[in-house]
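What follows is a short report on a single structure.
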4 protein chains.
Amino acid sequence: MSQDIQAEVLAKVAEVFDKHVPFHNLLGLGIRRYDASGVEVEIKMKPELIGNIHQKILHGGVTATVLDVVGGLTAFSGLVISRDNWTVEQLQQRLQTLSTIDLRIDYLRPGWGEVFSGTGTVIRAGNRVSVCRMELHNEKGSHIAFGTGTYMVG
Amino acid sequence: MSQDIQAEVLAKVAEVFDKHVPFHNLLGLGIRRYDASGVEVEIKMKPELIGNIHQKILHGGVTATVLDVVGGLTAFSGLVISRDNWTVEQLQQRLQTLSTIDLRIDYLRPGWGEVFSGTGTVIRAGNRVSVCRMELHNEKGSHIAFGTGTYMVG
Amino acid sequence: MSQDIQAEVLAKVAEVFDKHVPFHNLLGLGIRRYDASGVEVEIKMKPELIGNIHQKILHGGVTATVLDVVGGLTAFSGLVISRDNWTVEQLQQRLQTLSTIDLRIDYLRPGWGEVFSGTGTVIRAGNRVSVCRMELHNEKGSHIAFGTGTYMVG
Amino acid sequence: MSQDIQAEVLAKVAEVFDKHVPFHNLLGLGIRRYDASGVEVEIKMKPELIGNIHQKILHGGVTATVLDVVGGLTAFSGLVISRDNWTVEQLQQRLQTLSTIDLRIDYLRPGWGEVFSGTGTVIRAGNRVSVCRMELHNEKGSHIAFGTGTYMVG
């Protein structure tokens, strides 16, 4: 029952983030996977996302955006699976107060590629504050960037 | 003579960042001021930049983008004014290798507003690596976010 | 009445941090000032604090320690002055759960000097989480390091 | 031949960091392992390292110190193994300019334990700047803290 609620909430959040956040639509950012086992956020290279025309590199702000979205979703799923007796209402309320406190991005390599994929892990799970690590890879598996984010989850 | 070169290079860079970076055009990000005394980057709120539909808050990725652009421009202007005998060619070469090593963003308040303005200061000026502090305010002077960035400048 | 409680609590905390924290005693770290207007933490150079023998530079871990202590005290004083009706018991409880979530240090200049002084400011004041900026200067006013810390305050 | 030089240089550096850095002696910080495969820095709990008397927690400044030392040694070993034809003199010169640009620490759990061990990995290897990730565990394998550091290596 409760795991149904968890899965249902995550699926709804994924749909909102995938289709109804204006800035995600502008960038073409999509939620490829979002369940209790984790999240995968994808973005396809397109000319509008370029930061350096000569070298055709993904703008660092796009990298930051993807990692921040991944971190928020990771922190939220960590909260969702943290206990069995959440109600839908409680989780909706938590989602509304979910926010990034701080974010660190380490740019490792130039953002070359066709499709970029962001994944994350909770490294400190709290009832109020969670800390996540995020990574961005291109379609060849090159490690483009690391992220560390502190999120308010309640 | 040299100050002319400095001013000329900064003006050119401002034009490129203002008009010829695809991602800046997509967002509507503009360079309002860029000279030896500093930089001001501006972005006007528009529906596509929203991250939270219910609260109409600027997406955290937009904040990160503005602060990263401010930081890069601040680091570069710090380099430009660091000595008098730069040639245009030397500065162009430095600009090409300019890159963000790491970036920390502290989100202070929800991104509400009509026009957001980013400014920065060099806090560690090096021949190879510079560290800058950046700030984002809205048109009422509310402090939306702080940034700290480490930039490769040579 | 309440401002008396606030001042009393801050004075007690200052005494504990100054005299009863073993690691502060080991380093010779002292609380020079701690009231509603802010905090000043001081550390005198001594041979044991050196990290680089040839250049006689303060160890980066000492810088980190001072900035972290400053940040925690700054966050706590921000909480104390945030409302008038704290009881001593409530503040004691908050102090016990006070902890650093994350800390960023920007090392600006080599740590040369006789006496180092750390000061701080709250940049995001929350009921649960606060973000502070900290600075370390030597006795000549040279800016040695910047810090940014996120603290759990409740 | 060159691998001999590399091993010799790392062994010498390990000896200096283990025995001749005053602040390391004060804390009881030791280099347990330092070779081409990585570094392990160890610190034993002792009353002087406590930051919270009631809970007997390792001071956050000790955690920061260990992670910074680990990060610097990791960055340096990454440089040493980056090419085969270093001379001892070149590496000594690089060691003298080795410095921390910035450091982020994520405190995950209270620092309880008898022996703490710090390890690290290079995540961005450059000829001038390297970025490392560091971790601190206690003797039971509990993950106490994460670190991310940017180091000047040349």
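A few points about this structure:
- Neighbourhood net charge (15 Å Cβ-Cβ; Lys/Arg +1, Asp/Glu -1) for C:Gly154: +4
- Excluding same-chain neighbours fewer than eight residues apart, the lysines reachable from C:Lys12 by a Cα-Cα span under 24 Å are C:Lys44, D:Lys56.
- Theoretical FRET efficiency, 1/(1+(r/R0)^6), r = Cβ-Cβ of D:Ser2 and B:Asn127, R0 25 Å, to 0.05: 0.25
- Restricting segment B:36-84 to trypsin sites (Lys or Arg not before Pro) in coil, as DSSP defines it, with at most 16 other Cβ within 10 Å: B:Lys56, B:Arg83
- Restricting the calculation to Cα atoms, segment C:1-109 shows an Rg/Rh of 1.03 when the hydrodynamic-style radius is the Kirkwood one.
- Local electrostatic count at A:Val9 - Lys and Arg +1, Asp and Glu -1, tallied over other residues with Cβ under 12 Å: -3
- Computed magnitude of the charge dipole of segment C:1-150 (debye, nearest 20; Cβ of K, R +1, Cβ of D, E -1): 320 debye
- A DSSP coil position with no more than 10 other Cβ atoms inside 10 Å describes the following GluC sites (Glu not before Pro) in segment D:73-154: D:Glu114.
- Three-way shape label, the protein assembly as shown, alpha-carbon gyration tensor, a/c 1.5: rounded
- Amide H contacts of A:Val115 (H built 1.01 Å from N, in plane; Pro and chain starts excluded): A:Met45, A:Glu139 sit under 5 Å, all sequence-distant by 5 or more or on other chains.
- Simple label model, 7 Å out from Cα along Cβ direction - B:Val115 to C:Glu48, nm: 5.8 nm
- Taking amide hydrogens as placed 1.01 Å from N in the peptide plane, the amide H of D:Gly126 sits under 5 Å from those of D:Val131, each at least 5 positions away in sequence or on another chain.
- Residue-wise HN-Hα coupling along segment B:40-45, computed from phi with Karplus coefficients 6.51, -1.76, 1.60 (Hz; x: Gly, Pro): 9, 10, 10, 9, 8, 4
- In this label model, D:His143 and D:Glu15 are separated by 3.7 nm, measuring between points 7 Å along each Cα→Cβ vector.
- For A:Lys56, the label point sits 7 Å beyond Cα toward Cβ; its separations from the matching points on the remaining copies run 4.0, 5.7, 6.2 nm, from shortest to longest.
- Residue order by solvent-accessible surface for A:Asp68, B:Asp4 is B:Asp4, A:Asp68, largest first, with ligands and nucleic acids left out and a 1.4 Å probe.
- Loop-resident sites, segment B:1-41, for GluC sites (Glu not before Pro), counting at most 11 other Cβ within 10 Å (DSSP): none
- Remark: label point of C:His20 defined 7 Å out from Cα along the Cα-Cβ vector; separations to the same position in other copies 4.2, 5.3, 6.6 nm, ascending.
- When C:Arg32 is represented by a point 7 angstrom out along its Cα-to-C-beta vector, the spacings to that point in the other copies are 3.8, 3.9, 5.5 nm, nearest first.
The values are calculated or read from the model by the stated rules, or taken from the named source; none is laboratory data. It should be emphasised that the depicted structure is a prediction, and the values quoted were computed from it without experimental measurement. Quick reminder, even Gly has a Cβ in these numbers, built from the backbone with ideal geometry, and neighbours come from all protein chains shown. Remember, those area values only see protein heavy atoms, side chains included, never the ligands or the DNA or RNA. Shrake-Rupley method; radii C 1.70, N 1.55, O 1.52, S 1.80 Å.
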